[in-house]
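Undergrad: Below are the structure tokens for one structure; questions will follow.
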Amino acid sequence: MLALGLEPPEVVTSLRRSSQTIKDKRLFKVARDLKALNNGGQVQRKKKKMSKNSQDSDTPKLGKKIIQHLQLDYRKREAEILTTEAIKDSHVPVVPGFSSRGPNEIAPDILKRLGNFTILSGIFVSCPHAAGVAAYVKSFHPDWSPSAIQSAIMTTAVNPGLVYETFEQDYIIMLCNIGYDEGNIGKISGKISTCLKGSDKATPKDLNYSSMAAQVSLGKSFAINFPRTVTNVGLANSIYKAKILQNSKIFSIKVVPEALSFRSLNEKKSFSVTVTGKGLPNGAIVSAS
């Protein structure tokens, strides 16, 4: 039997005959609406308000499993719980509260959805939300890298076919080129990181994300190139063709090559997306897919 709280007294009394009693202080209100039968092992509500599709159900198997688990002998098992210590370091980088909202001035070329959740908002804050989605995708693909899972989440696909992977060195190069010094990058990476002089001048828009974004000068013509590399996680023998959807005639989009052919799983192929236009008016935001 499972007691849903410390009250009412008759519930606890009727359960004392069993070998184990489980109590949950959070369920006082639920317990007040329940009445336990003396010997039957069933629980019924005093006031029944059931939908047309509802029906009574007796599920003793779950209760038996709980009792069997509690009756296991754990006395011979030992565990050591160490005292935790909090160390405050004002120089360690922190994640700002608006991190999930985007674009923002820190890295405007990283396109992020302007959602209603920030890192500290929502019923259970946003990090568990994202962690739950990531765990769900990983349950289907346990061998995927974190960035492959992120790519699948960004493209809202459990089986995306192609994923955009990013690696530690990609982020280090990007941070070097947006002004971070080696000391601050080391605090983020946890090890000594070096910004090579004259190395690849990758900007945030060049990061191997499944999204693409860039700022352009007001009223001036522009030509922006987005290099990307994808990994085949779909069918071994497959061909993917580019399809452009846009509502604006202010700019044009070209994908090279227009099709990618794969012959094996985890094979990588590169392509580029070039966006050209004659200039955008002040405050204009245009998009396509």
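The values are calculated or read from the model by the stated rules, or taken from the named source; none is laboratory data. Everything numeric here is computed off the predicted structure, so don't read it as measured data. Cβ: placed from backbone, ideal geometry, glycine included. Neighbour counts: every protein chain shown.
Undergrad: Name every residue in the range 255-273 that is loosely packed, with under 14 Cβ neighbours inside 10 Å and on the phi < 0 side of the Ramachandran plot, in order of residue number. Write out each step before concluding.
TA: Keep residues of the range 255-273 that are loosely packed, with under 14 Cβ neighbours inside 10 Å, which gives 256-259, 261, 263-266, 268, 270, 272.
Hits for the range 255-273 are 256, 257, 258, 259, 261, 263, 264, 265, 268, 270, 272.
Undergrad: Separate question: Can you name every residue in the range 235-253 that is surrounded by 14 or more Cβ atoms within 10 Å (Cβ to Cβ) and out of contact with any Phe, Trp or Tyr (no Cβ under 6 Å at 6 or more places or on another chain)? Outline the logic, then answer.
TA: Going residue by residue through the range 235-253, those that are surrounded by 14 or more Cβ atoms within 10 Å (Cβ to Cβ) are 238, 240, 242, 246, 251-253.
Listed by number, the residues that qualify are 240, 242, 246, 251, 252, 253.
Undergrad: Can you name the residue in the range 148-162 that is among the aliphatic types (A, V, I, L, M) and touching a residue at least 24 places away in the same chain (Cβ under 8 Å) and, of all such residues, is surrounded by the most Cβ atoms within 10 Å (Cβ to Cβ)?
TA: Looking only at the range 148-162, we keep the residues that are among the aliphatic types (A, V, I, L, M), and these are 148-149, 152-154, 157-158, 162.
Narrowing the set further to residues that are touching a residue at least 24 places away in the same chain (Cβ under 8 Å) leaves 148, 154, 162.
Working: 148: 20, 154: 17, 162: 22.
Ranking the qualifying residues of the range 148-162, first place goes to 162.
Undergrad: Sticking with this one: Tally the residues that are closer than 15 Å to residue 215 by Cα and of a type in the set (S, T, N, Q), restricting the search to the range 255-289.
TA: Summing the residues that are closer than 15 Å to residue 215 by Cα and of a type in the set (S, T, N, Q) in the range 255-289 gives 4.
Undergrad: Among 102, 115, 122, 97, which is modelled with pLDDT under 75, touching a His at 6+ places or on another chain (Cβ under 8 Å) and not acidic (Asp, Glu)?
TA: Residue meeting the stated conditions: 122.
Undergrad: So residue 61 fits all but one of (1) at pLDDT 60 or above; (2) in a loop (DSSP other than H, G, I, E, B); what number is the exception?
TA: (2)
Undergrad: Filter the range 163-187 down to the residues that are more than 28 Å from residue 267 (Cα to Cα) and of a type in the set (Val, Ile, Thr), then identify the one that is surrounded by the fewest Cβ atoms within 10 Å (Cβ to Cβ). Let's see the steps before the verdict.
TA: Looking only at the range 163-187, we keep the residues that are more than 28 Å from residue 267 (Cα to Cα), and these are 176-187.
With of a type in the set (Val, Ile, Thr) added as a condition, the list becomes 178, 185.
Details: 178: 13, 185: 19.
In this case the residue turns out to be 178.
Undergrad: Kindly list, by first and then second residue, each pair from a residue in the range 124-147 that is more than 20 Å from residue 231 (Cβ to Cβ) and surrounded by 13 or more Cβ atoms within 10 Å (Cβ to Cβ) to a residue that is at pLDDT below 80 and not aliphatic (A, V, I, L, M), limited to pairs with Cβ atoms under 6 Å and residues at least 6 apart or on different chains.
TA: 126/100; 126/117
Undergrad: Ok, one more. Which of the residues spanning the range 163-188 are under 16 Å from residue 206 (Cα atoms), touching a residue at least 24 places away in the same chain (Cβ under 8 Å) and out of contact with any strand residue (DSSP E or B) (no Cβ under 9 Å at 6 or more places or on another chain)? Step through it out loud before you land on a result.
TA: Here is the first cut: in the range 163-188, the ones under 16 Å from residue 206 (Cα atoms) are 163-179.
Right, trim to touching a residue at least 24 places away in the same chain (Cβ under 8 Å) and you get 163-166, 170-171, 173-174, 177-178.
Hits for the range 163-188 are 166, 170, 171, 173, 174, 177, 178.
Undergrad: Which residue is surrounded by the fewest Cβ atoms within 10 Å (Cβ to Cβ), if the candidates are limited to the range 201-234 and must be in contact with a helix residue (DSSP H, G or I) (Cβ under 8 Å, 6 or more places away or on another chain) and of a type in the set (S, T, N, Q)?
TA: 203
Undergrad: Kindly indicate whether any position in the range 130-144 is of a type outside the set (D, E, K, R), at pLDDT below 85 and more than 26 Å from residue 180 (Cβ to Cβ). Break it down stepwise before answering.
TA: So in the range 130-144, the residues of a type outside the set (D, E, K, R) come out as 130-137, 139-142, 144.
Filter again for at pLDDT below 85, leaving 130-131.
Those left that are additionally more than 26 Å from residue 180 (Cβ to Cβ): 131.
Yes: the range 130-144 contains one or more residues that are of a type outside the set (D, E, K, R), at pLDDT below 85 and more than 26 Å from residue 180 (Cβ to Cβ).
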